[in-house]
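Read-outs: derived from the displayed coordinates by stated rules, not from any lab. On a predicted model such as this, the values are computed, not experimentally measured, just so you know. Positions of Cβ are generated from backbone atoms using ideal geometry, with glycine treated the same way; all protein chains shown enter the neighbour counts.
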4 protein chains.
Amino acid sequence: METVHQLEIKPGMSIDALVKGLGHCGFGARRLAEAVDIYEKMLSGNFTKFLTLSGAMVPAGMRNIVSELIRNGYVDVLVITGANLVHDIIESFGCHCLGSSESDDAGLRAKGISRIYDVFLRDEDFVAFEELMQKILPEGSETLSGRELMSHIGRQIDDEKSILRTAYEMKVPVFCPALPDSMIGLQAWMFSQTKRLSVDAFADIKEIVDICYESEKSGIVIVGGGVPKNFALQSMLVTPKSFDLAIQLTTDTPENGGLSGATLSEAISWGKISEKASYVTVYGDATITLPMMVAATMERLEKSKTASDNQG
Amino acid sequence: METVHQLEIKPGMSIDALVKGLGHCGFGARRLAEAVDIYEKMLSGNFTKFLTLSGAMVPAGMRNIVSELIRNGYVDVLVITGANLVHDIIESFGCHCLGSSESDDAGLRAKGISRIYDVFLRDEDFVAFEELMQKILPEGSETLSGRELMSHIGRQIDDEKSILRTAYEMKVPVFCPALPDSMIGLQAWMFSQTKRLSVDAFADIKEIVDICYESEKSGIVIVGGGVPKNFALQSMLVTPKSFDLAIQLTTDTPENGGLSGATLSEAISWGKISEKASYVTVYGDATITLPMMVAATMERLEKSKTASDNQG
Amino acid sequence: METVHQLEIKPGMSIDALVKGLGHCGFGARRLAEAVDIYEKMLSGNFTKFLTLSGAMVPAGMRNIVSELIRNGYVDVLVITGANLVHDIIESFGCHCLGSSESDDAGLRAKGISRIYDVFLRDEDFVAFEELMQKILPEGSETLSGRELMSHIGRQIDDEKSILRTAYEMKVPVFCPALPDSMIGLQAWMFSQTKRLSVDAFADIKEIVDICYESEKSGIVIVGGGVPKNFALQSMLVTPKSFDLAIQLTTDTPENGGLSGATLSEAISWGKISEKASYVTVYGDATITLPMMVAATMERLEKSKTASDNQG
Amino acid sequence: METVHQLEIKPGMSIDALVKGLGHCGFGARRLAEAVDIYEKMLSGNFTKFLTLSGAMVPAGMRNIVSELIRNGYVDVLVITGANLVHDIIESFGCHCLGSSESDDAGLRAKGISRIYDVFLRDEDFVAFEELMQKILPEGSETLSGRELMSHIGRQIDDEKSILRTAYEMKVPVFCPALPDSMIGLQAWMFSQTKRLSVDAFADIKEIVDICYESEKSGIVIVGGGVPKNFALQSMLVTPKSFDLAIQLTTDTPENGGLSGATLSEAISWGKISEKASYVTVYGDATITLPMMVAATMERLEKSKTASDNQG
């Protein structure tokens, strides 16, 4: 048996040096280190890379991590909640503010501020969002898939840090399986009252299932569970394939029986994840664990690159 | 200040007697008692009653509670995950089994068993589900809303305990905003490969927003957060109305910033819930708190009915 | 495989009828039902019955459940936090109040109110507690065990609902392994500045280990983890015995690695619980699950008694 | 209002650079950054520095972080669980092993392995621990405080990385308020069966209360709640002082009403923490958040030192 190495902190140590130390510890520390090992493998190898995102990650400041991953070719398929896309679009012209989770909510309402835990959003940004959407939503007689609609919108977001814009530029498909459940859905419906806009509820399924079919090897990073997790896993389920690598960052725990906290092992019983897969769940707030995981992995990839450049 | 009354347990006491006792206690006990008070008010008064359901409630045995509530007129709008509907349909001809949460998942896979925490489901029931869906999905040139599709399916489920069937019979609209994210969605897509079936992604929005507009007073019971919670709240958001009564049963907590655990107070800042509303969140497993809440409320309603019958 | 029976709610059904229904469900519902089965077995059979209590159970209104269990002979050993005993003593002359968890804490301080989540306590009750303690703490040259000190105090509490008083009357030993970590400890220390009071830090260990040694069969109910859980389990550990029945009601989950959320299975690896034991953990707020478990079990025991009385 | 700055990850960025970025985000990210700000202030200023430690931090690999903090003068008072001290002593001659949280616990028992979530410990190390304790426990007619006993033991641990040894060398008092609830307690009791060893249960109270009284300004880092949290806070409570800075790293949440998850704001109502205090709770696994917080703070202190050295 390998022994626990008591962690040593050195002032100025790098993030990956810290993570490597966590790998010889127990509990969440080791799981985070395992996640970095799996993510390094995923990003270095020939895997079709899925990223699913739920929870208010964009309002909480995780937008650029996601768009940078896309820009660097580290995401092949993005499955995301509508809310994160709404806030991605708002960030392209407006902003979120640092507020307090212990606010007088009726007072905020009176001031035109909506609260997402400790992040505030002003009504005027929602109004601007609505105006923008009515301007950029596509009119046409063709019935679109949700993925096509996302691509149309992304093309017209004028912000290179935008998730939707970057995905458009990098030709990364964006799936939002609960699109009606978002202000994009609301705006699309309002738009369609006076103009032609038709979106087929099921067309996305074909596109993502095709990607699953064609993946030789695949890996998935699941941030926060929810519909994006299930949609990606069920798409793999209907193919003979299964995920070879899987990382889950979640605050839910298995005991409640819900999918968001379900173990990745449970997904093996369904055939969604391969029984030979490397997988790990890191329990905890993804606004901490996602930056840690990405920063450590990027540090490793940079080092490999430098090493191979030097040998070149 | 009112004092804490130490709870007294009497052997054979009724569920509502216990709940009334909990109302003089602290922590979760008091919140559960408040939920019953609010639910009694909601079911006794002239409220448009929303129920949102996420988490694997049907596999866990909560199906008949929901269908009975619908049959008794205690639900006016149901917003639900596709997974719960899939399992509702499976229950109409097949079954879920009591398994173990500590199973060998690769072994289960080999035996054709899918695991949902400690509940098992056999592949043969999924196969039968697929066959049934291909038989009952509606063919037609008309573009349907998701709600209409649910109604079509419900009409053909031959089981009076079915949520979908009961909702069909009672003319209760069923909204499933993440329909593609379920095996109903997968089957509908497969069906549409060879037959005409067209579902408009956004049509449900109009229907539920109209209901919100027309509600004089409204109440909502949120089981488990997720897309159903958000869809119901956002529909109210776009009207001048807001929920007057709200109950949330969830295992998520606010600190993670996600919507599933967000306080109902947060929804006041958005204008989704009225600042004058009565509301409470009961933290804990809904397979315990939902039956308790419903049983205590039904006991109260039955007593009121008997009392008023006796006076008649 | 046994099937999930969808739960049926009947208005006016008894608590145990509801629990029996939960036993055919999944997730927390089934675990609660298993807890009742195990508890019925424990209370009906010839088991040495341990109860450990942590978390602010007395402020939250669970005091009389505990003292009634003791009075009815359903507790042979009580292991408890000092805080619960402090609040038990306060209840004998004062009270706790129903407050709000979202209070202005600086404002409360100014008013002389201390907050325990949504329960309030007035400074004057603490002052009265201190005066009472200085009056009833025993003076003497003999060195006491903690258990003996608890017995001395219990004898002088003039309230038959008091946990300490009832334990004294019923000769049930009360162990408080972190006694210095409570206001009883503080008061005892102040008392000992001017009078003779000497308590041996380790004397309790012998007493509880002896009980463990002499138990033919034993069962344990663990409410909330913490020091009481560990102290009871470690006492069994040093004997050749182990617990035959174990129930844990906790809000902690295993993933954090702490003892409070550790599975009971983990305790088997230590030899604290028998590998042949029946055991279950119910995750959730004990102010809901403890009353449910006790009420359902009492209902069963009453029915058995009535049945056997009728046959007599 | 300050805006959320979307976080930027740079490969090779330092830990503190990452943490500074998190400070402009929402949710747990911002709380972690606030914790670092408060910790920097605490370690740079003239504060009496309390550290409380519960949860299986030593088995999980956090031992050297704690002993280094002590050696560097960053801890003035340590309040800790007995279990962490037991494992600290075991690490001085033996080891903990990386195991799996999904083990066959009866099988482990048969092999003489005890499990702490995903960390294993061999019986032989416990046997060696017992032998060591019987050798180094102090015999004498004087009644000791718990703190004195800890100092005696620490003096005889031959490992400069040991928490107990380092505290002894640095003259940092170690308080273990639930000492009987640990294998040190068990061994001390066994020792006292044949030799003279007398520990006064309440003597520690005087020592820690005196420290609180004499603190001009004070700060506290609370890892994991439990008895150590309460003991430190209640000691401050009985003085006219209160903590000026407070950081809490915990997996518990407030909703359950227990002290471990109680907000630091709640402690203001008791007068344990000053209403003018800077304080923050970081929710999550301390095996991740503690290393992050310490590493970022050490990086800052090192930079300040280098800067002031350069100016000197």
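Averaged over the residues of peptide A:12-18, the number of Cβ atoms from other protein chains lying within 10 Å of each residue's Cβ is 6.
Centre-to-centre, using Cα atoms only, region A:82-124 and region B:41-73 are separated by 32 Å. At 7 Å along Cα-to-Cβ for each site, give me the label-to-label distance between A:S103 and D:Q193 in nm. A separation of 6.3 nm, rounded to one decimal place.
Each copy carries C:D159; placing its label point 7 Å along the C-beta direction from Cα gives inter-copy distances of 4.6, 5.2, 5.8 nm, listed from smallest up.
What's the angle, to the nearest 10 degrees (0 to 90), between helix C:123-136's Cα axis and the longest principal axis of chain C? It works out to around 80 degrees. Its alpha carbons considered, the protein assembly as shown gives a radius of gyration followed by a Dmax of 30.0, 96 Å. For chain C, the longest principal axis of the Cα atoms and the long axis of helix C:203-214 meet at an angle of about 20 degrees. Charging the Cβ of each Asp and Glu at -1 and of each Lys and Arg at +1, and nothing else, the dipole of region B:35-311 about its Cα centre rounds to 420 debye.
Here each label is just a point 7 Å from Cα along the line to Cβ, and for A:N72 and A:K10 those points are 2.3 nm apart.
So, with +1 on the Cβ of K and R and -1 on the Cβ of D and E, and no other charges, what is the size of the charge dipole of the protein assembly as shown about its Cα centre, to the nearest 20 debye?
Values: 116 positive and 168 negative charges, 0 e Å.
Dipole of the protein assembly as shown, to the nearest 20 debye: 0 debye.
Under the combined filter of DSSP loop state and at most 10 neighbouring Cβ atoms within 10 Å, region C:135-188 retains these trypsin sites (Lys or Arg not before Pro): C:K171. A label point on C:S304, set 7 Å along the Cα-to-Cβ line, lies at 3.9, 6.3, 6.5 nm from each of its counterparts in the other copies, closest listed first.
Determine the dipole magnitude for region B:224-312: charges of +1 sit on the beta-carbon of Lys and Arg, -1 on that of Asp and Glu, nothing else is charged, the reference point is the Cα centre, and the result goes in debye to the nearest 20. Display every interim value, and only then the final one.
Working: 7 positive and 9 negative charges, 55 e Å.
Using Cβ point charges on Lys, Arg, Asp and Glu, region B:224-312 gives about 260 debye.
Taking 18 Å as the limit for the C-alpha separation, the pairs B:K229/B:K276; C:K10/C:K305; A:K206/B:K135; D:K41/D:K305; B:K217/C:K10; D:K217/D:K241 exceed it in the case of B:K229/B:K276; C:K10/C:K305; A:K206/B:K135; B:K217/C:K10.
Rounded, prolate or oblate: pick one for region D:154-312, where a ≥ b ≥ c are the square roots of the eigenvalues of its C-alpha gyration tensor, a/c under 1.5 means rounded, and failing that, prolate if a/b is larger than b/c, else oblate. Numbers along the way, then the final one.
Working: a/c = 1.66, a/b = 1.24, b/c = 1.33.
Oblate is the answer for region D:154-312, as a/c is 1.5 or above yet b/c matches or exceeds a/b.
For D:D104, place a label point 7 Å from Cα along the Cα-to-Cβ direction in every copy; what are the distances to the other copies, in nm, shortest first? Copy-to-copy label distances for D:D104: 0.9, 6.3, 6.3 nm. In degrees between 0 and 90, to the nearest 10, how far off the longest principal axis of chain C does helix C:27-44 point, with axes built from Cα atoms? Helix C:27-44 sits roughly 80 degrees off the main axis of chain C. Shape call for region C:111-155 from the C-alpha gyration tensor, a ≥ b ≥ c root eigenvalues: rounded (a/c under 1.5), prolate (a/b greater than b/c) or oblate? It is prolate, given that a/c is not under 1.5 and a/b is the larger ratio.
What value, in deg cm²/dmol to 500, does the helix sum -39500 (n - 2.57) over DSSP H runs of n ≥ 4 give at 222 nm once divided by the residues of the protein assembly as shown?
On the way: 52 runs with 608 residues, N = 1248.
Counting only the DSSP helices, I get -15000 deg cm²/dmol.
Computed from the Cβ-Cβ distance with R0 of 51 Å, the FRET efficiency linking B:K41 to C:A110 stands at 0.90. What sits nearest the axis between copies B and C, counting only chain B Cβ atoms, is the residue and whole-Å distance B:G284, 2. Charge tally around B:F93: other residues with Cβ under 13 Å, Lys/Arg +1 each, Asp/Glu -1 each, net -4. As a rough footprinting exposure proxy, the listed residues D:S278, A:S242 were ranked by other beta carbons within 10 Å of their own, and the order from fewest upward is D:S278, A:S242.
For region B:35-311, averaging the sequence separation of C-alpha pairs within contact (under 8 Å, six or more residues apart) and dividing by the residue count gives a relative contact order of 24 percent.
Between region A:259-312 and region C:152-229, the alpha-carbon centres lie 49 Å apart.
Quick check on chain C: take the gyration tensor over C-alpha atoms, sort the square-rooted eigenvalues as a ≥ b ≥ c, and tell me if it's rounded (a/c under 1.5), prolate or oblate. Judged from the Cα gyration tensor, chain C comes out prolate (a/c at least 1.5, a/b above b/c).
Would you mind getting me the FRET efficiency between D:E139 and C:A17? Use the beta-carbon distance for r and R0 = 51 Å, nearest 0.05. Write down the numbers at each step before the final one.
On the way: r = 62 Å, r/R0 = 1.21.
After rounding to 0.05, the efficiency reads 0.25.
Exposure proxy ranking for B:S145, C:S103, based on other Cβ atoms within 10 angstrom of each Cβ and starting from the fewest, stands as C:S103, B:S145.
How about region D:131-163: which GluC sites (Glu not before Pro) there are in a DSSP loop, with at most 12 other Cβ atoms within 10 Å of their Cβ?
Details: sites: D:E131, D:E139, D:E142, D:E148, D:E160; in loops: D:E139, D:E142, D:E160.
Filter output for region D:131-163: D:E139, D:E142, D:E160.
In peptide C:260-267, what is the residue-averaged number of other protein chain Cβ atoms found within 10 Å of each Cβ?
On the way: counts 9, 6, 5, 5, 1, 8, 8, 3.
Other-chain Cβ atoms within 10 Å of each residue's Cβ, averaged: 6.
As a footprinting exposure proxy, order A:C25, A:C97, B:C212 by other Cβ within 10 Å, with the fewest listed first.
Fewest-to-most Cβ neighbours within 10 Å comes out as A:C97, B:C212, A:C25.
Across peptide B:188-197, the average count of Cβ atoms from other chains found within 10 Å of a residue's Cβ is 3.
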